[in-house]
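Have a look at the structure below before the remarks.
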Protein chains: 2
Amino acid sequence: MATLKDVARLAGVSVKTVSNVVNGYSFVKPDNRRRVEEALEATGYRPNLGARNLRRGRTGFIALVLPELSIPYFAELAGLVIAAAQEHEWNVLIEQTFGTLAGERSALASLGPHLVDAAILSPEALEADDFQLSVPAVLLGEHAVDVPISRVGIDNVAAAQAAVRHLISLGHQRIAAIGAHPHRGTAALRLEGYRAALAEASLPFVDELVIPALNYHRADGAAAMRSLLDLPSPPDAVFCFNDLLAIGAMRAAAERQVRVPSQLAVVGFDNNEESVYSSPSLTSVAPDKSAIARAAVDLLHQRVETGELLADVETPFSLQVRESTVAR
Amino acid sequence: MATLKDVARLAGVSVKTVSNVVNGYSFVKPDNRRRVEEALEATGYRPNLGARNLRRGRTGFIALVLPELSIPYFAELAGLVIAAAQEHEWNVLIEQTFGTLAGERSALASLGPHLVDAAILSPEALEADDFQLSVPAVLLGEHAVDVPISRVGIDNVAAAQAAVRHLISLGHQRIAAIGAHPHRGTAALRLEGYRAALAEASLPFVDELVIPALNYHRADGAAAMRSLLDLPSPPDAVFCFNDLLAIGAMRAAAERQVRVPSQLAVVGFDNNEESVYSSPSLTSVAPDKSAIARAAVDLLHQRVETGELLADVETPFSLQVRESTVAR
DNA sequence: CCGGGTCTTTACATCGTTGGAACAACGATG
DNA sequence: CATCGTTGTTCCAACGATGTAAAGACCCGG
């Protein structure tokens, strides 16, 4: 593999002149520039990123710490983050935590300052003490603890409220919620939006209609739905805190011959591609994932380049109404 | 951030001695070792990976080149590859190609020998000339062109044959296939398995029942299914070359009030988690993704460590029978 | 044709780490 | 007591790139 030295020898100039050409330094004589460029071409020179970064004190990588790639929301987000990072010549390192405290801690620990320039975190269990980071970071979504790290995400209260309002506007009165969680900030906010929507329509908040979910997988949604259908008077609508829970809930409903949406309306959250093609298709709160990815990466880039502190960014969302609430 | 030099000063020994301790070199006096370890602890030393790799000529990264993370199969696979790579102290860099020739070429081009130690490729459009790689690599799945790179994957012909045999055993006679593709090796093999199953049951191969798909997304499956349902005599079963196509096909069937499985049986390929919870749930060929990920990473590790050439690895698969072929 | 500024290039040190040679200390051996 | 092999340690160079400072080339007016 060719190094600057090889190129320099071939072009008959010093190593530094080649480096200057490679880095677009202005003051190089046209004649030398041409010779260097030919030599670069001839040798197929590619800079050694390790060496460059050692010298520059940068690594050229950012970390993306998320629960699990097999969760569609995070997979889609990861794809968008990779694309956004590419525009700043950053490569993305993905760390999976599987939503456990231990997993998140070990992911953070491995983020030595030499490995990545910055990190995008999507934590679920971390506590305030854990946020002693050695690199600039942003948080995706909210988090229960109050830490001085900027956040990128939607207004979860407003989004949840919009979802439940939609159900109320369709005439539903007994609306359940699946996905409450003791330690997840996001869950608390969505629950708050749910309460707010009920309150503004003067509907009662009923404890037994709020089902917690330890994980947000399809199986958890199905289990929660079964317990709701077992109630003496089951709900006529359900708001799930993510699409996977909703898909599981619809599956459980189908298994009990409960018709969606006529007997049970369902709303999800995340707007996974999967939800567009399910039968029935799923009404869902759609955060602008692309905006989230871009904002997170741009913020970090600005922080690393200029050292400026970061403001929080609120990204837009919309409600995608589909067959699970309004029959076609 | 502490460097070896800082630790050495604190422990009162040379830099190299500290390096020896860090790297587990045997011959260090117990007394010095203790002092160095204390100094390491006190300074919170973390090796600068860039510098280490520059010296060692390794990077500590492998690339995973795949079409798109938003495709569940690749998202799941990526998660497993990351986990497997961790066991060899490798970090994984994901590159998305979006299934285009240009995307794949640019991904390969960016894989300078300085960026990664090895690569796992899942190409769809590359031609033989493109495989001039500067690092050891393995291919996931088959590929049309014949290149001297080892492959990891299942026996696609046998797997497809098993899927279609299953449909035949249920009494279906007019079985369609969705997902033929002019340049995809995998598609060709699955089609071959489809033909073989028909042939061994003495069923005719009917051209109009084989629908090509340029992409393997849900929308493509839905479009293909619509064209099948428009036929004068539509099929009574369909074998889709991946689960997304199958999900799209089931969606299209539902929109035309065609009942699955009574009027139309559907089999997919990949066994996505999504397919377990769809309504009806989807019968699918289930490659052992975990085995694929592990085999690919282990093979590369062995190659990088020992320089040995790599043999192909055939991983197991099974057929998961669900409601889309056998009503519950 | 000299002094002074503007371009252009070069030599050298440096980033943090590790491999190798050199050297020092040690007990064992003849 | 000289020699030897084994341990243990240090010094130096090197990986490939870039920043700095200084030297060299060039052009201008006086």
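The values are calculated or read from the model by the stated rules, or taken from the named source; none is laboratory data. All values reported here derive from a predicted model rather than from experimental measurement. Here Cβ is always computed from backbone atoms with ideal geometry, including for glycine, and neighbour counts include all displayed protein chains. With ligands, DNA and RNA removed, areas are computed over all heavy atoms of the protein, side chains included. Shrake-Rupley method; radii C 1.70, N 1.55, O 1.52, S 1.80 Å.
Below, the figures for the structure above:
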{"read-out": "Residue identified as farther than 30 Å from A:ALA246 by Cα and open to solvent by 70 Å² or more (accessible area, probe 1.4 Å) among A:ARG33, A:ARG55", "value": "A:ARG55"}
{"read-out": "One residue from B:ARG190, B:ARG195 being closer than 19 Å to B:HIS166 by Cβ, among the basic types (Lys, Arg) and open to solvent by less than 50 Å² (accessible area, probe 1.4 Å)", "value": "B:ARG190"}
{"read-out": "All strands (runs of 3 or more DSSP E) inside region A:247-328 with 2 or more residues being in contact with a His (Cβ under 7 Å, 6 or more places away or on another chain) and either open to solvent by less than 20 Å² (accessible area, probe 1.4 Å) or away from every other protein chain (no Cβ under 14 Å) (or both)", "value": "A:265-269"}
{"read-out": "Residues that are at pLDDT 95 or above, at negative phi and of a type in the set (S, T, N, Q), drawn from region B:174-233", "value": "B:SER227, B:SER233"}
{"read-out": "Residues of region A:16-26 satisfying the condition of being more than 9 Å from DNA strand D (Cβ to nearest atom) and either more than 18 Å from A:LYS5 (Cβ to Cβ) or within 14 Å of chain B (Cβ to nearest Cβ) (or both)", "value": "A:GLY24, A:SER26"}
{"read-out": "Per-region count, region A:160-185, residues surrounded by fewer than 22 Cβ atoms within 10 Å (Cβ to Cβ) and of a type in the set (A, V, I, L, M)", "value": "4"}
{"read-out": "Qualifying residue in region A:27-45 (condition: touching a helix residue (DSSP H, G or I) at 6+ places or on another chain (Cβ under 8 Å) and within 11 Å of chain B (Cβ to nearest Cβ))", "value": "yes"}
{"read-out": "Leading residue by the ranking (surrounded by the fewest Cβ atoms within 10 Å (Cβ to Cβ)) among those in region A:78-112 that are within 9 Å of chain B (Cβ to nearest Cβ) and in contact with a Ser or Thr (Cβ under 8 Å, 6 or more places away or on another chain)", "value": "A:GLY112"}
{"read-out": "Region A:37-52, residues that are more than 12 Å from DNA strand D (Cβ to nearest atom) and open to solvent by less than 40 Å² (accessible area, probe 1.4 Å)", "value": "A:ALA39"}
{"read-out": "Residue check for B:ASN156: open to solvent by 10 Å² or more (accessible area, probe 1.4 Å) and within 17 Å of the chain's Cα centre (by Cα)", "value": "no"}
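Conditions (1) closer than 20 Å to B:PRO280 by Cα; (2) not hydrophobic (A, V, I, L, M, F, W, C), marked per residue:
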site	(1), (2)
A:ALA219	yes, no
A:ARG226	yes, yes
A:ASP230	no, yes
A:PHE239	no, no
A:ASN242	no, yes
A:GLN263	yes, yes
A:PHE269	no, no
A:ASN272	yes, yes
A:SER275	yes, yes
